[in-house]
Ligand SMILES: Cc1cc2nc3c(=O)[nH]c(=O)nc-3n(C[C@H](O)[C@H](O)[C@H](O)COP(=O)(O)O)c2cc1C
């Protein structure tokens, strides 16, 4: 972690900072900045700067021994290392998380695929995998057009599972659901999410 408080802020809405999830996350980031005037916010917008999909070539680069990497493989590993370094520097992470087709945005999945590195962010032990990214709180700001019935959310459990795999189990989720179900429902959901964010940031 850095010597000054650091927040990593990830956006993954198609609509960049105009997405509802991005706006919720921005409210948290603004409150965090107020509480940490000397702090640093690392911003990463996956719509504007998408990470390439993981393909066989990129995955082989992760597996190659450092001394055997080709220049192209070294570049792939350096890009992934830079993403991982942002997590290492961060005391906390805020993720704007839209629901698209029941899941996370594909840009976020491609990004996650570059964070999960055996021997770097997790390792296998006799007792199963152990996450190496350390314990830092992660805050998820979920924006969703509909309202999922109890037990049918496969999105946030997946994100929790992925983060736990890398060593992070302190995960706070703020949902704004029903955003496409009329103005009244949208406004109420956003207002309630805003109040929860203010409490989370306090
Ligand atoms: C491509 C696409 C797929 C969507 N799929 C779902 C879905 O499966 N379930 C749902 O409740 N809402 C769905 N929505 C609505 C979004 O969840 C909603 O617009 C939300 O505000 C997205 O977050 P954002 O505004 O930060 O992009 C979808 C929207 C888009 C554009």
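What follows draws every value from the coordinates through simple rules; no lab data is involved. All values derive from a computational prediction rather than experimental measurement. Cβ sites come from the backbone with ideal geometry, for glycine too, and all protein chains shown count toward neighbours.
Restricting region 126-156 to residues that are within 13 Å of the chain's Cα centre (by Cα) and either within 15 Å of the ligand (Cβ to nearest atom) or within 17 Å of residue 98 (Cβ to Cβ) (or both) leaves a set whose member that is surrounded by the most Cβ atoms within 10 Å (Cβ to Cβ) is 141.
Where in region 114-202 are there strands (runs of 3 or more DSSP E), lying fully within it, with 3 or more residues that are within 30 Å of residue 77 (Cβ to Cβ)?
Where strands (runs of 3 or more DSSP E) fall fully within region 114-202 and carry at least 3 residues being within 30 Å of residue 77 (Cβ to Cβ), they are 122-125, 128-131, 138-143.
Apart from one condition, residue 167 fits all of (1) more than 12 Å from the chain's Cα centre (by Cα); (2) under 17 Å from residue 199 (Cβ atoms); (3) away from the ligand (no atom under 16 Å from the Cβ); the exception is (2). Of the helices (runs of 4 or more DSSP H) lying entirely inside region 1-108, those containing at least 3 residues that are within 16 Å of the ligand (Cβ to nearest atom) and touching a residue at least 40 places away in the same chain (Cβ under 8 Å) are 20-35.
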